[in-house]
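Encoded as structure tokens, the structure appears first; notes follow it.
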Amino acid sequence: MNLLVPPGVYTPQDDTALLTEALDTVPLREGTRVLDIGTGSGALALEAARRGGRVTAVDVSRRAVLATRLNAALAGVRVRAVRGDLLSPVAGESFDLIMANPPYVPDPDGARRPRGAARAWDAGHDGRLILDRICREAPGLLRPDGTLLLVHSVLSDPDRTLEHLRSAGLRAEVADRRWVAFGPVLRSRHGWLRERGLLSHDDDKEELVVIRAQR
């Protein structure tokens, strides 16, 4: 997929590809209501729109929202892209499918709020700054039989994600897994993650998981 990705906007990577593959397993009919949380350049939103979804894409970054609108126009698909903090722009709405590739990298400076481009990956000391909010808020926006697809690293505790989603009344499971090479952010934090017991000295890959939950 050829996308325009301006500076400061998350470039689609292995987690995007893994979530796109998961999207292929969800039947989309014309007019299916889809929400893409943290859309970045709009890669997932565009894919869902191509398949007939009626897509809303949300991002806290102005650049990401503008990039998504431009990429949708260039691709000839309709995507409603709005700026806001996670689910606040769609309060009161409901969706058949919610997708999220949120920030999930543990941050040694987790006490501070991430700024700029780092908002696309930094997620607090335990990597769950945004994940826990999605687990709390997204189930309430799912229609009956609606599906949530969520990708993140095992460094951010998938069992906790499953527990939260099941507590919210959803059927949740790990639908896919993939080992990927460290990117520059994880390479720069390898020593700190090793000290926390999350990595060994020889680790040079992280495992990503796609969690699928259904109402």
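For the ranges 173-186, 121-134, 78-91, 44-57, what's the packing order if you count other beta-carbon atoms within 10 Å of each residue, average per peptide, and put the highest first?
Numbers: 173-186: 14.0, 121-134: 21.1, 78-91: 15.9, 44-57: 23.3.
The packing order, highest mean first, is 44-57, 121-134, 78-91, 173-186.
Quick check: pseudo-label points 7 Å beyond the Cα along Cα→Cβ at residue 145 and residue 25, how many nm apart are they? In this crude spin-label approximation the distance works out to 1.9 nm. An oblate overall shape is assigned to the range 69-151, the ratio a/c of its alpha-carbon gyration tensor axes (a ≥ b ≥ c) being 1.5 or greater and a/b not exceeding b/c. Per-residue packing, averaged as other Cβ atoms within 10 Å, sorts the ranges 191-204, 17-30, 149-162 into the order 149-162, 17-30, 191-204, beginning with the highest.
Three principal axis extents describe the C-alpha atoms of the chain; from largest down they are 49, 39, 28 Å. Rounded to the nearest 5, what is the percent of antiparallel bridges among the DSSP beta bridges in the range 14-214? Taking every DSSP beta bridge within the range 14-214, about 45 percent pair in antiparallel fashion. Between the range 2-44 and the range 69-100, the C-alpha centres lie 11 angstrom from each other. Extension gain, residue 133 to residue 176, is 13.3 nm, computed as 0.36 nm per intervening residue step minus the present C-alpha separation.
For the chain, the longest principal axis of the Cα atoms and the long axis of helix 158-167 meet at an angle of about 50 degrees.
Using only the alpha-carbon atoms, how far is helix 14-23 inclined from the longest principal axis of the chain? Give it as 0 to 90 degrees, nearest 10. So the helix axis and the longest Cα principal axis differ by about 40 degrees.
None of the figures in this text is laboratory data; all of them are computed from the coordinates on show. Everything quoted here is computed from the prediction, not taken from an experiment. All Cβ positions, glycine included, derive from the backbone under ideal geometry; neighbour counts span all protein chains shown.
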